[in-house]
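See structure below.
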Amino acid sequence: MANVTDSDRARLRSAVRRGNVPTMLAVLLELTADERWMDPRYQPTRSRGMDDNSTGGLPDEVQAEIQEALVEAVERWWASGRPSRGWMEDADVERLLNFTCGESIPPDFAPMMAEIVNGPRATPASGKRDERLHAIVIGAGIAGMLASVELTRAGIPHVILEKNDDVGGSWWENRYPGAGVDTPSHLYSITSFPHNWSTHFGKRDEVQGYLEDFAEANDIRRHVRFRHEVTRAEFDDAGQSWRVTVRRPDGESELLVAPILISAVGLLNRPKVPNLPGIESFRGRMFHSAEWPSELDDPDALRGKRVGIVGAGASAMQIGPAIADRVGSLTIFQRSPQWIAPNDDYFATIDDDVHWLLDHVPGYREWYRARLSWIFNDKVYPTLQVDPEWPEPSASINAANHGHRRFYERYLRDQLGDRDDLIEASLPDYPPFGKRMLLDNGWYAMLRKPHVTLVTNGVDAVTPTGLVDSDGVEHELDIIVMATGFHSVRILHPMDIVGRSGRSTKEIWGEHDARAYLGITVPDFPNFFIMTGPNTGLGHGGSFITILECQVRYIMDALELMRSENLGVLECRAEVNDRYNEAVDRQHAQMVWTHPAMENWYRNPDGRVVSVLPWRINDYWSMTNEVDPEDFHTEPVRAGAAQTATTGG
């Protein structure tokens, strides 16, 4: 936009009518530094629940004032040559967010929010290839690709071993109808790779396309060996290196050796199917939700079919409404109901005028992302702490949580209307947020359809023609979808990862009790870094991409320490790991996810929370900001140690 035209000015005026008013107010304050916009008359109201409060709750005439003032400010910015944005101090970011969000954001959030608003400080790419380090990365999903980009930037040679045919990880695998994110698209985005999303909550095909575009833009595929599955990795103490066994597409095994090993395999990538009696006898189609057959995507493929969905969690809640109008009948087998939050934007498209604001108004994208970060990341966290004096034994854990219960119950009753049977079956008896809060994508409306049946019993057996519930009732079906989750507490399953002592992670952790310092490093496993490791998933909301970016930053800082100090071994100290995990367990003991009123996929069979983070995202951002060398046992590089990758039989 070197030459501003009347068309540009008209587009600006049109675009501000579609923008998020609190975000535009933050941009206006940044561009003008005019304190009059901090007058209480212009302060937006606090966002309710998980809503971005697009109007700010302000009267129409006040919104119009802000819009007109932003037009004038942007036109002045154009006239001055469109200078780059200046760096905003933490305190200034905190002040503007407090005002434009209509509530007080804790001061310790300021550094993370300032990084979002300003953008991360760019680290210069290495000008040369560093042959002293070499990395093997397992997985080419989001985690593995983020690691690849930073390894390339640092000049560290690496190979990515991916079991699938292309990049994308879980998004490549999960192709079921209705699949999509439950985090706003502009938050569920890679910081360095913005995208103009077509909907507020991205659907699977657009997310997968976005990840493929990221791979293309960063030339990631040249590092990837597709259809290569890692089966075993063992640390060679003498060689200060990892010996990684991989199964090639031809079924033969190959050995790779490198000093650095990064697992980026994810928590939700190994389907879990119950071992039901008669499961091999079913004569129709049966499959896990993550293995949806492509031939069923045909609009007529489900017509007239009797379809059963086993499970009522996140995947089922997306599949059910997406196929309900295509099937002959739909039966949902629900062991436990879920708390469901309303969100008017779930299917809403994002207007081209909003895309224009994101691309052409300085700071709009950054301030909008910071706003979403507050609303969807940690805002709800204080309400997830158990009040030991709270008298309610099961329905809620504190006064605020009880208020959430009343709000979500009112919504449920409003949606289900006169269907008392569905209300009774759908109302959870455990506290809100005891399981990950789900967004209503038409689930309640689906349940009211005459050809949809909700079965509130578990499944006991499979017959050649259907399923038998725990009351002994058989349900005849043509297609069974197992929306039964993943092996989320079996970290690194089914790989055999062996440390310097000769013991594997399975031997040290058991089947389902993984523990790692910051969820990233483990004693006895030098130079091994886990992304999406134990206690790093998000139970309270937010974008997991944020967690992955924190982990990559920490790993790269560790590798820089190894390079600068010429280290051959970097191993987490046992006492550091123990102290950290004791803190994890203490914190979880005070939170909703350990409440006895429900089960969730966060806990292992012993009741310990293994999967999700006990901290605020902001806390984890601070914890992983840089490596403390005192947390690690180190050894210098030995003469003759393998510092570059080799292959063998």
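Please verify whether R76 is under 34 Å from the mean Cα position of the chain (by Cα) and of a type in the set (K, R), treating the condition exactly as stated.
Criteria not met by R76.
Of the residues in the stretch 32-64, how many are touching a Leu at 6+ places or on another chain (Cβ under 9 Å), crowded, with 17+ Cβ neighbours inside 10 Å and outside any loop (DSSP other than H, G, I, E, B)?
Summing the residues that are touching a Leu at 6+ places or on another chain (Cβ under 9 Å), crowded, with 17+ Cβ neighbours inside 10 Å and outside any loop (DSSP other than H, G, I, E, B) in the stretch 32-64 gives 2.
Of everything in the stretch 437-454 that's touching a Leu at 6+ places or on another chain (Cβ under 8 Å) and part of a strand (DSSP E or B), which residue is least open to solvent (accessible area, probe 1.4 Å)?
Residue satisfying both the conditions and the ranking: V452.
Determine if the stretch 232-239 includes at least one residue that is over 30 Å from P636 (Cα atoms) and either out of contact with any strand residue (DSSP E or B) (no Cβ under 9 Å at 6 or more places or on another chain) or surrounded by fewer than 22 Cβ atoms within 10 Å (Cβ to Cβ) (or both).
no
Those residues that are more than 12 Å from T484 (Cα to Cα) and part of a strand (DSSP E or B), I need them from the stretch 273-331; list them, please.
Across the stretch 273-331, the qualifying residues are R285, M286, R306, V307, G308, S329, L330, T331.
If you go through the stretch 73-88, how many residues are open to solvent by 70 Å² or more (accessible area, probe 1.4 Å) and more than 18 Å from A26 (Cβ to Cβ)?
Here the count works out to 3.
If G251 meets every condition in (1) within 30 Å of the chain's Cα centre (by Cα); (2) not in a strand (DSSP E or B) apart from one, which number is that one?
(1)
Could you please find all residues in the stretch 601-627 being at pLDDT below 95 and of a type in the set (S, T, Y)?
Y602, S611
The conditions are (1) of a type outside the set (V, I, T); (2) open to solvent by 10 Å² or more (accessible area, probe 1.4 Å); (3) under 21 Å from V207 (Cα atoms); (4) in a loop (DSSP other than H, G, I, E, B), and E103 fails exactly one of them. Which is it?
Going through the list (1) of a type outside the set (V, I, T); (2) open to solvent by 10 Å² or more (accessible area, probe 1.4 Å); (3) under 21 Å from V207 (Cα atoms); (4) in a loop (DSSP other than H, G, I, E, B), E103 breaks only (3).
Does the stretch 485-524 hold any residues that are more than 25 Å from the chain's Cα centre (by Cα) and without any contact (Cβ under 8 Å) to a residue 24 or more places away in the chain, and which are they?
Passing the criteria: S501, G502, R503, S504, K506, E507, I508, G510.
Could you check the stretch 161-215 and list, in sequence order, the residues that are among the hydrophobic types (A, V, I, L, M, F, W, C), crowded, with 19+ Cβ neighbours inside 10 Å, assigned to a loop (DSSP other than H, G, I, E, B) and over 15 Å from the mean Cα position of the chain (by Cα)?
Listed by number, the residues that qualify are V167, W197.
The values are calculated or read from the model by the stated rules, or taken from the named source; none is laboratory data. From a predicted model like this one, the values you see are computed outputs, not experimental measurements. Don't worry about glycine lacking a Cβ; one is built from the backbone with ideal geometry, like all the others, and counts go over all protein chains shown. Remember, those area values only see protein heavy atoms, side chains included, never the ligands or the DNA or RNA. Shrake-Rupley method; radii C 1.70, N 1.55, O 1.52, S 1.80 Å.
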